[in-house]
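Enquirer: Before we start, here is the structure in question, set down as structure tokens.
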Amino acid sequence: MNKIYTKVTDSMNFFEGNDPVDLAEKYGTPLYVYNERILRQRCRDLKEMVTYPKFVVDYSAKANCSLAFLQVVKSEGLEVDAMSPGEIYMERQAGFAPEEIFYIGNNVSAEEMQYAIDAGVYVSVDSLSQLEQFGQIAPGHEVAVRFNPGVGAGHHEKVVTAGKKTKFGVDPKYIPEVKELLKKYDLKLIGINQHIGSLFMNGEAFTASIAALFDIAKQFPGLKFIDMGGGFGIPYKKEEGEAPLDLKDLGEAIDKALYQFAGEYGEQIIFRIEPGRYISAECSVILSKVHSVKYNYDKKYVGCDCGFNVLQRPIMYDSYHGVEVYRGSDEKSEKEESVIIVGNICESGDILAKDRVLPEIKKDDVLGILDAGAYGFTMASNYNNRLRPAEIMIRENGDVVLTREREELEDLMRHVIRLENV
Ligand code: LLP
């Protein structure tokens with residue numbers, strides 16, 4: 001392979017000696033590639049971030065719910081959250097026990113709540129009306145309540161999940177009503193939880209929010225756990241030297257707060273965090289082939305097969321993903337140029353990277369779209385009736401295994417019923 005621009009994956013030894021051009025050739029593109037070693041390392045980073053002994057890391061499966069991925073997370077001793085029966089189902093498939101799953105419902109039907117209760121997982125509700133519904137279907141049961149601590153954070157307004165402008169959580173002013181409903185239905189409040197939003201690069205909002213959450217917890221003696229949520233960010237602009245989140249610093253600040261609260265609360269309470277992105281983003285690169293290079297008026301467009309059906313983050317949040325360039329031929333790139341990298345979906349917004357300065361990209365090059373493991377495959381769709389891609393994992397010994405087959409045209413007919421008499 002001719003390494004045209006490979007700085008980030010080289011620095012992490014991402015491909016473990018495999019050639020991305022060969023992988024693209026063998027498995028086809030677009031292709032989600034995962035690195036098991038990096039995934040394991042991210043799990044360990046978080047498990048070790050505090051010294052407080054009863055600290056549980058619940059991986060937030062919405063970020064990546066692929067079976068092989070969940071199996072690795074399970075083998076690292078993490079627990080998981082779930083946002084739907086589908087996530088509970090996949091987590092059970094991956095070997096998580098019901099008591100290792102924390103289902104955090106949001107505006108869910110009684111049937112869905114019942115599914116979670118029957119599955120034996122911990123359940124959290126996030127409004128008074130959902131608490132009432134829970135009481136009606138499972139009186140006397142254990143339940144958790146998600147509060148909105150009034151502090152939010154996140155990389156985009158669409159992913160700020162606490163504070164005054166979001167649908168999530170119970171406003172703490174309704175604590176008396178929560179207590180009444182618990183009493184009315186003889187429910188046992190075992191935990192409280194929050195999630196302030198996704199992607200913070202310093203821990204200020206997180207530490208402020210846990211202080212607010214601890215104040216709420218003081219009003220509920222006898223809790224088994226407090227779940228502080230996720231949101232831990234990763235540096236998407238690695239090639240520009242963006243620094244990672246200082247987990248050591250944040251860990252020390254949190255640790256202090258945990259010991260202090262546990263001391264006051266008078267019990268060895270369990271603290272949980274619920275990170276999705278931090279664990280899953282950096283262990284994946286999408287490989288995508290360039291099928292066209294053209295000028296439209298004064299702009300150069302590089303057209304590849306990674307449309308927003310494969311990676312939705314750029315069109316949805318204007319998100320930045322680093323792009324690398326791998327080439328099968330010996331041809332060199334003599335110059336750098338500014339390009340717009342686009343996919344194959346019939347919408348002008350189908351832009352992966354805007355005005356990106358890279359070594360000259362040629363037709364048939366393979367692109368590596370970096371940090372794609374979080375909210376990548378889970379948000380992929382069949383838009384334009386395109387097929388969702390395959391996934392492979394590079395095992396710790398460098399072996400490559402297929403973990404999800406690429407969809408086939410016949411899959412588009414699954415669940416479809418043909419009209420008769422037309
Ligand atoms: N727990 C709850 C209740 C959540 O709502 C979320 C994310 C998480 C945990 C995990 O957050 P994380 O650690 O991954 O930041 N699709 C967006 C992100 C949406 C996040 C929504 N909630 C993106 O691609 O940036």
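The values are calculated or read from the model by the stated rules, or taken from the named source; none is laboratory data. It should be emphasised that the depicted structure is a prediction, and the values quoted were computed from it without experimental measurement. For neighbour counting, all protein chains shown are included, and Cβ atoms are generated from backbone atoms with ideal geometry for every residue, glycine included. When the accessible area is computed, the model is the full protein with side chains, heavy atoms only, and any ligands, DNA or RNA have been set aside. Shrake-Rupley method; radii C 1.70, N 1.55, O 1.52, S 1.80 Å.
Enquirer: Does segment 170-193 contain any residue that is within 16 Å of the ligand (Cβ to nearest atom), within 23 Å of Arg277 (Cα to Cα), open to solvent by less than 20 Å² (accessible area, probe 1.4 Å) and outside any strand (DSSP E or B)? So that I can check it myself, show each step before the final result.
Expert: From segment 170-193, those within 16 Å of the ligand (Cβ to nearest atom) are 170, 191-193; that's our starting set.
Keeping just the survivors that are within 23 Å of Arg277 (Cα to Cα) gives 192-193.
Okay, now just the ones that are also open to solvent by less than 20 Å² (accessible area, probe 1.4 Å), so 192-193.
The next check asks that each one be outside any strand (DSSP E or B); those that pass are none.
No; the residues of segment 170-193 include none that is within 16 Å of the ligand (Cβ to nearest atom), within 23 Å of Arg277 (Cα to Cα), open to solvent by less than 20 Å² (accessible area, probe 1.4 Å) and outside any strand (DSSP E or B).
Enquirer: Read through the list (1) away from the ligand (no atom under 13 Å from the Cβ); (2) under 30 Å from Leu402 (Cα atoms), then give the number of the only condition that Tyr295 fails.
Expert: Tyr295 satisfies every listed condition except (2).
Enquirer: Step by step: first the residues of segment 360-414, then only those that are of a type in the set (Ser, Thr, Tyr) and under 22 Å from Pro235 (Cα atoms), then the one that is most open to solvent (accessible area, probe 1.4 Å). Which residue is that? Can you show your working first?
Expert: Applying the first criterion (of a type in the set (Ser, Thr, Tyr)) to segment 360-414 yields 375, 378, 381, 383, 403.
This time we only want the ones that are under 22 Å from Pro235 (Cα atoms), so: 375, 378.
Details: Tyr375: 37, Thr378: 57 Å².
Going through the qualifying residues, I end up with Thr378.
Enquirer: Next up: Name the single residue that is surrounded by the fewest Cβ atoms within 10 Å (Cβ to Cβ) among those in segment 274-288 being within 12 Å of the ligand (Cβ to nearest atom) and of a type in the set (A, V, I, L, M).
Expert: Residues of segment 274-288 within 12 Å of the ligand (Cβ to nearest atom): 274-281.
Narrowing the set further to residues that are of a type in the set (A, V, I, L, M) leaves 279, 281.
Numbers: Ile279: 32, Ala281: 25.
Residue satisfying both the conditions and the ranking: Ala281.
Enquirer: Still on this structure, I have one more. Is it the case that some residue within segment 25-35 is open to solvent by less than 40 Å² (accessible area, probe 1.4 Å), assigned to a strand (DSSP E or B) and out of contact with any helix residue (DSSP H, G or I) (no Cβ under 6 Å at 6 or more places or on another chain)?
Expert: Step one: list which residues in segment 25-35 are open to solvent by less than 40 Å² (accessible area, probe 1.4 Å), which gives 28-35.
Okay, now just the ones that are also assigned to a strand (DSSP E or B), so 31-35.
Retained after the next criterion (residues that are out of contact with any helix residue (DSSP H, G or I) (no Cβ under 6 Å at 6 or more places or on another chain)): 31, 33.
The answer is yes; a qualifying residue exists.
Enquirer: Confirm whether Ile361 is more than 16 Å from the ligand (Cβ to nearest atom), within 12 Å of Tyr34 (Cβ to Cβ) and at pLDDT 95 or above. Even if it seems obvious, please write down each step before you answer.
Expert: Numbers: more than 16 Å from the ligand (Cβ to nearest atom): yes; within 12 Å of Tyr34 (Cβ to Cβ): no; at pLDDT 95 or above: yes.
In short, no.
Enquirer: Moving on to the next point. Please pick out the residue among Ile226, Ile234, Ile196 that is within 30 Å of Gly376 (Cα to Cα), modelled with pLDDT of 95 or more, within 13 Å of the ligand (Cβ to nearest atom) and touching a helix residue (DSSP H, G or I) at 6+ places or on another chain (Cβ under 8 Å). Please lay out each step first, then the result.
Expert: Details: Ile226 fails: within 13 Å of the ligand (Cβ to nearest atom); Ile196 fails: modelled with pLDDT of 95 or more.
From the options Ile226, Ile234, Ile196, the qualifying one is Ile234.
Enquirer: Could you say which residue among Gln130, Gln136 is at pLDDT 95 or above and either away from the ligand (no atom under 16 Å from the Cβ) or touching a Pro at 6+ places or on another chain (Cβ under 6 Å) (or both)? Talk me through it step by step, then tell me what you get.
Expert: On the way: Gln130 fails: either away from the ligand (no atom under 16 Å from the Cβ) or touching a Pro at 6+ places or on another chain (Cβ under 6 Å) (or both).
Answer to the check: Gln136.
Enquirer: Tell me the strands (runs of 3 or more DSSP E) entirely within segment 237-313 that contain at least 1 residues that are without any contact (Cβ under 8 Å) to a residue 12 or more places away in the chain and out of contact with any Phe, Trp or Tyr (no Cβ under 9 Å at 6 or more places or on another chain).
Expert: Values: elements: 270-273, 284-296, 299-304.
Answer list for segment 237-313: 284-296.
Enquirer: So, of the residues in segment 314-340 that are of a type in the set (Lys, Arg) and in a loop (DSSP other than H, G, I, E, B), which turns out to be nearest to the ligand (Cβ to nearest atom)? Show your work before the answer.
Expert: Of segment 314-340, the ones of a type in the set (Lys, Arg) are 327, 332, 335.
Next, from what is left, pick out any that are in a loop (DSSP other than H, G, I, E, B): 332, 335.
Numbers: Lys332: 35, Lys335: 33 Å.
Selected residue: Lys335.
Enquirer: Evaluate the following for Asp355: is it within 16 Å of the ligand (Cβ to nearest atom), open to solvent by 60 Å² or more (accessible area, probe 1.4 Å), out of contact with any helix residue (DSSP H, G or I) (no Cβ under 8 Å at 6 or more places or on another chain) and among the acidic types (Asp, Glu)? Even if it seems obvious, please write down each step before you answer.
Expert: Values: within 16 Å of the ligand (Cβ to nearest atom): no; open to solvent by 60 Å² or more (accessible area, probe 1.4 Å): yes; out of contact with any helix residue (DSSP H, G or I) (no Cβ under 8 Å at 6 or more places or on another chain): yes; among the acidic types (Asp, Glu): yes.
For Asp355, the condition - within 16 Å of the ligand (Cβ to nearest atom), open to solvent by 60 Å² or more (accessible area, probe 1.4 Å), out of contact with any helix residue (DSSP H, G or I) (no Cβ under 8 Å at 6 or more places or on another chain) and among the acidic types (Asp, Glu) - is not met.
Enquirer: Scan Phe206, Phe261, Phe214 and give me the residue that is of a type in the set (Phe, Trp, Tyr), within 16 Å of Val56 (Cβ to Cβ) and crowded, with 20+ Cβ neighbours inside 10 Å. Before you say what the answer is, go through the steps one by one.
Expert: Numbers: Phe206 fails: within 16 Å of Val56 (Cβ to Cβ); Phe214 fails: within 16 Å of Val56 (Cβ to Cβ).
Phe261 is the lone residue from the list that is of a type in the set (Phe, Trp, Tyr), within 16 Å of Val56 (Cβ to Cβ) and crowded, with 20+ Cβ neighbours inside 10 Å.
Enquirer: Within segment 139-169, track down each residue that is part of a strand (DSSP E or B), in contact with a Phe, Trp or Tyr (Cβ under 8 Å, 6 or more places away or on another chain) and either on the phi > 0 side of the Ramachandran plot or not acidic (Asp, Glu) (or both). Please lay out each step first, then the result.
Expert: Initially, segment 139-169 is screened for residues part of a strand (DSSP E or B), giving 142-147, 160.
Cutting the leftovers down to in contact with a Phe, Trp or Tyr (Cβ under 8 Å, 6 or more places away or on another chain) gives us 142-144, 146.
Those that are part of a strand (DSSP E or B), in contact with a Phe, Trp or Tyr (Cβ under 8 Å, 6 or more places away or on another chain) and either on the phi > 0 side of the Ramachandran plot or not acidic (Asp, Glu) (or both): Val143, Ala144, Arg146.
Enquirer: So, Ile269, is that one within 19 Å of the chain's Cα centre (by Cα) and surrounded by 13 or more Cβ atoms within 10 Å (Cβ to Cβ) or not?
Expert: On the way: within 19 Å of the chain's Cα centre (by Cα): no; surrounded by 13 or more Cβ atoms within 10 Å (Cβ to Cβ): yes.
No, not satisfied.
Enquirer: Report, ordered by the first and then the second residue, all pairs with beta carbons closer than 7 Å, sequence separation of six or more or different chains, a first member in segment 103-125 that is of a type in the set (Ser, Thr, Tyr), and a second member that is open to solvent by 40 Å² or more (accessible area, probe 1.4 Å).
Expert: Pairs that qualify, where the first residue is of a type in the set (Ser, Thr, Tyr) and the partner is open to solvent by 40 Å² or more (accessible area, probe 1.4 Å), are Tyr103/Tyr122.
Enquirer: If you check Tyr295, Tyr317, Tyr326, which single one turns out to be buried (at least 18 other Cβ atoms within 10 Å of the Cβ) and aromatic (Phe, Trp, Tyr)? Spell out the reasoning first.
Expert: Numbers: Tyr295 fails: buried (at least 18 other Cβ atoms within 10 Å of the Cβ); Tyr317 fails: buried (at least 18 other Cβ atoms within 10 Å of the Cβ).
Going through Tyr295, Tyr317, Tyr326 in turn, the sole match is Tyr326.
Enquirer: What number of residues within segment 146-164 are more than 12 Å from Ser209 (Cβ to Cβ), within 22 Å of the chain's Cα centre (by Cα) and either more than 10 Å from the ligand (Cβ to nearest atom) or among the basic types (Lys, Arg) (or both)?
Expert: The number of residues fulfilling the criteria is 3.
Enquirer: Across segment 194-203, what is the total count of residues that are of a type outside the set (A, V, I, L, M), buried (at least 19 other Cβ atoms within 10 Å of the Cβ) and part of a loop (DSSP other than H, G, I, E, B)?
Expert: Final tally of qualifying residues: 4.
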